[in-house]
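Read through the structure below, which is laid out as structure tokens, and then see the notes.
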Amino acid sequence: MKITTRITFLLVFMIMSIINGCGEKMPLPVVESNPDAFGANDTSYIHINPDWSATSLGYSGVSSTFTPVDIVIGTDDYIFIADQANDRIAVIARSGDIVSDQNLNQIEPLNNPIAMDIDQKLNLLIANGSHEIFCWNQYINNIGVDSVMVGIREDSTLIFSGEESKIDSIMGIYSFYTDTKANSSFQGITFGPAADNEVFVTDNGNNRIARLTLVMTGLVRLKNHFYHPIFTAVYERDIATFGSGAGTVDDPRSITCDKDGNIYFTQMGGNFKVQKLAKQGDNYLSAYTLYEDPIMDLNRFGAPLDIAIGSNDDIFVLD
């Protein structure tokens, strides 16, 4: 919650007065209400002006079909929006302006993007309900690619190619993982802790949560003369499978991971629509108990479509 400059000055003055031992209690400053603000308890929500609508974001002729279905925020505070209706990923700054440099206006086309996540290496992963996961790397698009490694000579010298089609295939959206089960339908995706080099996906085609491992499968030489790895993923194992009880999945959707590697997910079926799988060694076990944890109340959620974890491990659910 933002505090006005006037209030900030008064608070500083109060603190300095106490430190200087004046000993007199001073009344707290009165916060003037804003007609565009509404709140609950100690949290206030301020109406963004102008609205982040299709028109204000620079969409021309498609305002009626602009369909944002997921957002993620990168390390540089750019906001990535999965625009399902226009088969693209739009990127805006926190000011609400569309970002067009670093090729951020060219994350397209991709049929039906529905879920995303981005890691500290600036790999943007995208799920679209198919049996494939896609990737777009912000860093290499920012710097630019000079050439792509295409082989290794007998003396271990790396062979690079500056062929334009090869460079375009790396700078554009590329296939990150393709599942062997054609009926897989990935609905949600999340990176695990950075040190673990892992990705988790929800698959409602097979009612499971799968764990993937990142592997380096390529190398590019950037225009700043540095080298950068290209990552894809391989299937490791399922950490949760079909069932109606705690620790099982039925029509899973959104998924996220906290800093300790614990998994949180939502689903449309089963008895428990929002669950946590606690990481214990190499296993993932149900962390909540019926009648003990309110989040496990059978009728608490109707159709939880998305979930997020706050910095203090608060759980936010879009129901």
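Hey, does region 112-125 have a residue that's surrounded by fewer than 17 Cβ atoms within 10 Å (Cβ to Cβ), touching a Gly at 6+ places or on another chain (Cβ under 7 Å) and in a strand (DSSP E or B)?
no
For region 249-260, what are the residues that are surrounded by fewer than 20 Cβ atoms within 10 Å (Cβ to Cβ) and more than 19 Å from Val72 (Cβ to Cβ)? First the steps, then the outcome.
Of the residues in region 249-260, the ones surrounded by fewer than 20 Cβ atoms within 10 Å (Cβ to Cβ) are 250-251, 258-260.
Hits for region 249-260 are Asp250, Asp251, Asp260.
Restricting attention to region 247-260, does a residue exist that is of a type in the set (Lys, Arg) and at pLDDT below 95? Explain how you work it out, then say what you get.
Filtering region 247-260 down to residues of a type in the set (Lys, Arg) leaves 253, 259.
If we keep only those that are at pLDDT below 95 as well, we get 259.
Yes: region 247-260 contains one or more residues that are of a type in the set (Lys, Arg) and at pLDDT below 95.
The values are calculated or read from the model by the stated rules, or taken from the named source; none is laboratory data. Note that the structure is predicted; figures quoted are calculated from it, not measured. With ideal geometry, Cβ positions are generated from the backbone for all residues, glycine too; neighbour counts draw on all protein chains shown.
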